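Each remark here refers to the structure printed beneath this line.
Every number here is computed from the coordinates shown, using simple stated rules; none is lab data. What you are looking at is a predicted structure, and each value in this text was computed from that prediction instead of being measured. Cβ atoms come from the backbone with ideal geometry, glycine included; neighbour counts cover every protein chain shown.
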Amino acid sequence: MPSSTSRPRQPSTVDDRRAALSTMRADTLNRIEKAVLELFSNQDFHEVSLLDVAKAANVSLQTIYKYFGSKEVLVYAMLDVMLGRLAERMLDHLQGIDDARERLRKTFWVTLDYMDKHPAVMMLLFTAVPVSKHKNIRIYESPELMTAFLGVFKDGQARGVLNKQVSHKILLDVFMGIIGRVVLMHIVRGEKRPLIDQFDELFHILWRAMSAD
């Protein structure tokens with residue numbers, strides 16, 4: 001017979017976890033999100049415990065175990081929630097834009113603006129999650145977001161304005177590689193000027209790297 005002090009059964013899959021989180025009170029989820037960002041963006045991953053998160057979020061440790069079960073799953077789940085907002089914004093901004101160059105420009109602007117405004121999210125992604133574990137963040141497998149991203153590159157190639165010598169997936173890698181590096185170093189260097197202020201020049205660099213010319 002299980003002990004009365006045993007931990008509650010945690011969701012076993014990403015979909016189960018999402019379904020479970022949908023039952024959590026919004027204010028509780030918001031407090032946990034803020035605690036995760038504050039703690040993990042200012043301390044090394046191994047220095048933060050689930051008890052630290054529970055205390056910072058003013059929730060019980062049992063609640064953390066119930067919905068997440070481990071520190072890794074907690075971080076993955078919170079990043080999924082946070083990056084999901086970027087996905088929603090991306091899809092909304094691409095509506096009604098037909099020009100291939102303008103679609104890429106808007107994609108770049110929305111992504112850069114989000115990262116500029118949420119540096120703690122970027123630090124969490126870059127420092128707390130090994131690249132090999134990115135597949136555990138569901139947003140990377142989101143059909144809606146990936147269709148939107150890859151659709152921009154496939155459309156640009158079809159219209160002859162983006163490089164067709166590599167696959168559209170490689171173009172996505174170039175896009176994310178450039179923006180990821182620029183944002184990370186911007187944060188590490190402690191730059192005060194928002195990157196979005198340099199958007200035109202940054203997009204010019206990106207366009208030269210990816211265009212068919």
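Values for this structure:
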item: Relative packing of 71-79, 180-188, which averages over residues the other C-beta atoms within 10 Å, highest first; result: 71-79, 180-188
item: Under 13 Å, Cβ to Cβ, from Asn30 - net charge with Lys/Arg +1 and Asp/Glu -1; result: +1
item: Computed label-point distance, nm, for sites Ser211 and Val73 using a 7 Å Cα→Cβ extension; result: 4.9
item: Extended-chain gain in nm, criterion 0.36 nm per residue less alpha-carbon gap, Met24 and Gln198; result: 58.7 nm
item: Pair Arg31, Lys164: separation of 7 Å Cα→Cβ label points (nm); result: 5.7
item: Backbone HN-Hα couplings from phi across the stretch 46-55 [Karplus 6.51/-1.76/1.60, Hz, Gly and Pro as x]; result: 6, 7, 9, 10, 5, 5, 4, 5, 4, 5
item: Calculated from backbone phi, Karplus (6.51, -1.76, 1.60) coupling profile of the stretch 111-116 in Hz, x at Gly/Pro; result: 5, 5, 4, 5, 5, 4
item: Pairwise label distance in nanometres, Gln62 with Glu47, each label 7 Å out on the Cα-Cβ vector; result: 3.2
item: Under 21 Å between alpha carbons - lysine pairs in the stretch 31-138 that sit 8 or more apart or on different chains; result: 9
item: For Ser211, distant residues with modelled amide H under 5 Å away; result: Asn163
